[in-house]
Amino acid sequence: MFWIQLLIVLLAIFVGARLGGIGLGVMGGLGLAILTFGFGLQPTAPPIDVMLMIAAVITAAGALQTAGGMDYLVSLAERALRKHPSRITFMGPIVTYLFTFCAGTGHVSYSVLPVIAEVSRQSGVRPERPLSISVIASQQAITASPISAATVALVSLLAGYHISLIDILMISVPATFISCMVAAWVMSKFGKELEDDPIYQERLKEGLIQDTVDANTDQRSASTSPKAKLSVVLFLTGVVLVVLLGSLPQLRPAWENGGKLVPLSMAYAIELVMLSIAALILLVCKVNASHLIKSNVFLAGMQAVISIFGIAWLGDTFFAGHMDQISLWIKDSVTAAPWLFAIALFIMSILLYSQAATVRALMPLGIALGLPPAALIAMFPAVNGYFFIPNYPTVIAAINFDRTGTTRIGKYVLNHSFMLPGLIATTLAIAIGFGLASIIL
């Protein structure tokens with residue numbers, strides 16, 4: 001039954017990817033219906049928080065675009081990148097890495113992915129290059145963030161070995177950042193140039209994408225609009241507030257629950273801040289709300305929400321239903337060959353879609369096997385494997401934000417845009433981590 005159900009999951013992803021748009025979402029729903037009614041698997045809870053965070057951020061980004069702020073950002077970026085347009089392939093991942101590092105969650109990258117997509121397109125850079133590595137950087141930074149759930153979990157597990165947070169950060173921060181920059185360099189050479197990409201050219205002919213020359217003209221006029229500049233200030237203020245609230249939990253209101261002070265969750269904080277920013281842009285910049293829902297960014301974001309609703313729910317239900325069996329397989333392999341522990345972490349993260357859950361599930365096993373703390377810290381970035389199957393929210397969002405069609409899921413599902421930068425960044429981060437661990441610890 002396991003293999004039949006796995007085939008259904010992969011088939012849903014394959015067909016959904018071929019349908020495009022909300023295809024992943026509706027096929028995910030169909031696959032989940034088959035597993036539930038046909039095989040009796042109990043559905044897990046749908047990813048409501050993720051969907052609502054995306055909806056809030058996309059609403060703010062849509063307001064930004066409608067007010068002319070997106071075009072203004074693109075025009076600023078084009079002027080900065082006129083001589084070296086490929087720089088966006090490095091700046092994109094740096095931005096998403098820093099946002100995630102400060103906020104402790106990769107979901108803050110939703111606010112900059114549409115900007116990266118438009119900046120690269122208007123600069124003539126293949127959007128797949130910066131978007132793919134930017135998504136990977138937002139994942140790698142989770143294992144470098146001092147406030148992420150994954151890092152906190154690892155600190156608590158290694159506390160008995162006199163390992164502090166600083167010890168972990170001294171290894172994980174340079175290892176993940178350097179590996180992302182190397183992956184960015186590789187991606188800067190990857191694929192055909194945008195003007196030579198057949199899918200992009202086909203979309204231009206069908207009128208699905210504005211011609212670059214016309215778009216540039218629109219940008220120059222938008223750049224002189226006061227409301228465009230004000231919308232950018234408001235939007236960036238929202239992003240900074242999200243980062244601050246993630247970096248400084250004491251800024252979030254807290255309530256007593258069971259004798260303990262429980263702060264406002266980061267998911268709620270992101271939703272409240274970004275919805276408020278959208279409201280301020282509508283009010284202050286006098287944006288027509290009916291125009292907002294017709295913006296390219298809003299439409300692409302809503303497609304991502306529907307896609308996540310179905311396909312992520314399907315994957316989570318399948319893995320939850322077979323977790324005992326899967327965990328047993330991994331445990332047996334690691335016991336037979338301890339050096340496979342990094343691979344086990346990687347595989348488990350693919351199944352769990354969570355670095356923190358992977359740490360809590362497998363790191364105790366590594367400790368029980370007698371693996372040294374330095375090795376466990378070096379292998380920490382291996383928990384960033386959930387890019388492998390292209391159904392994670394940031395992956396789907398990036399695909400939908402790229403109107404050129406260069407960022408995509410391949411014919412065979414696993415040959416997607418994020419596979420190469422993901423494998424390079426993860427493998428290299430582990431290798432650098434082992435080198436640094438041998439020196440620092």
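The values are calculated or read from the model by the stated rules, or taken from the named source; none is laboratory data. These numbers were taken from a predicted model, which means no experiment stands behind them. Glycine gets a Cβ as well: all are built from the backbone with ideal geometry, and neighbour counts include every protein chain shown.
Mind counting the residues in region 367-381 that are more than 16 Å from the chain's Cα centre (by Cα) and not in a loop (DSSP other than H, G, I, E, B)?
Counting residues in region 367-381 that are more than 16 Å from the chain's Cα centre (by Cα) and not in a loop (DSSP other than H, G, I, E, B) gives 9.
Taking region 284-299 as the search range and keeping residues that are under 15 Å from Asp71 (Cα atoms) and modelled with pLDDT under 85, which one is surrounded by the fewest Cβ atoms within 10 Å (Cβ to Cβ)?
Only one residue tops the list, namely Asn296.
Can you name the residue in region 16-46 that is of a type in the set (A, V, I, L, M) and not in a helix (DSSP H, G or I) and, of all such residues, is nearest to Phe2 (Cα to Cα)? Lay out the reasoning, then the answer.
The initial filter retains those residues of region 16-46 that are of a type in the set (A, V, I, L, M), namely 17, 19, 22, 24, 26-27, 30, 32-35, 41, 45.
Those left that are additionally not in a helix (DSSP H, G or I): 22, 41, 45.
Details: Ile22: 27, Leu41: 11, Ala45: 21 Å.
Ranking the candidates gives Leu41 first.
If we scan region 246-256, do we find a residue that is farther than 22 Å from Ile54 by Cα, part of a helix (DSSP H, G or I) and modelled with pLDDT of 80 or more?
yes
For region 34-53, does any single residue satisfy the condition of being modelled with pLDDT under 85, within 30 Å of Gly124 (Cα to Cα) and surrounded by fewer than 17 Cβ atoms within 10 Å (Cβ to Cβ)?
Scanning region 34-53 turns up no residue that is modelled with pLDDT under 85, within 30 Å of Gly124 (Cα to Cα) and surrounded by fewer than 17 Cβ atoms within 10 Å (Cβ to Cβ).
Does Ser188 count as modelled with pLDDT of 90 or more, closer than 19 Å to Ser123 by Cα, surrounded by 12 or more Cβ atoms within 10 Å (Cβ to Cβ) and among the hydroxyl-bearing types (Ser, Thr, Tyr)? Outline the logic, then answer.
On the way: modelled with pLDDT of 90 or more: yes; closer than 19 Å to Ser123 by Cα: yes; surrounded by 12 or more Cβ atoms within 10 Å (Cβ to Cβ): yes; among the hydroxyl-bearing types (Ser, Thr, Tyr): yes.
Taking the combined requirement at face value, the residue satisfies it.
Looking only at region 125-145, which residues are farther than 15 Å from Cys180 by Cβ and in contact with a helix residue (DSSP H, G or I) (Cβ under 6 Å, 6 or more places away or on another chain)?
Within region 125-145, Val125, Arg126, Pro127 meet the criteria.
Within region 398-408, which residues are buried (at least 24 other Cβ atoms within 10 Å of the Cβ) and either out of contact with any Leu (no Cβ under 6 Å at 6 or more places or on another chain) or not in a helix (DSSP H, G or I) (or both)?
Across region 398-408, the qualifying residues are Ile399, Asn400, Asp402, Thr406, Thr407.
Kindly provide the set of residues from region 118-128 that are part of a helix (DSSP H, G or I) and farther than 12 Å from Tyr200 by Cα, ordered by number.
Answer for region 118-128, where residues must be part of a helix (DSSP H, G or I) and farther than 12 Å from Tyr200 by Cα: Glu118, Val119, Ser120, Gln122.
Where in region 129-212 are the helices (runs of 4 or more DSSP H), entirely inside, with at least 2 residues that are more than 18 Å from the chain's Cα centre (by Cα) and under 21 Å from Leu423 (Cα atoms)?
On the way: elements: 149-158, 165-187, 198-205.
Result: 165-187.
Quick one: what pairs do we get from region 285-314, first residue within 20 Å of Val232 (Cα to Cα), second crowded, with 22+ Cβ neighbours inside 10 Å and modelled with pLDDT under 80, C-beta under 9 Å, 6+ apart or different chains?
Sorted first by the residue in region 285-314, then by its partner, the pairs are Ser295/Met70; Asn296/Met70; Val297/Met70; Gly301/Ile54; Gly301/Tyr110.
Among residues belonging to region 322-363 that are modelled with pLDDT of 80 or more and surrounded by fewer than 21 Cβ atoms within 10 Å (Cβ to Cβ), point out the one that is nearest to the chain's Cα centre (by Cα).
Ile350
Are there any pairs with C-beta distances below 8 angstrom linking a residue in region 23-51 that is under 10 Å from Ile311 (Cα atoms) to a residue that is crowded, with 17+ Cβ neighbours inside 10 Å and at pLDDT 90 or above, with the two at least 6 apart or on different chains, and if so which?
Gly31/Ile8
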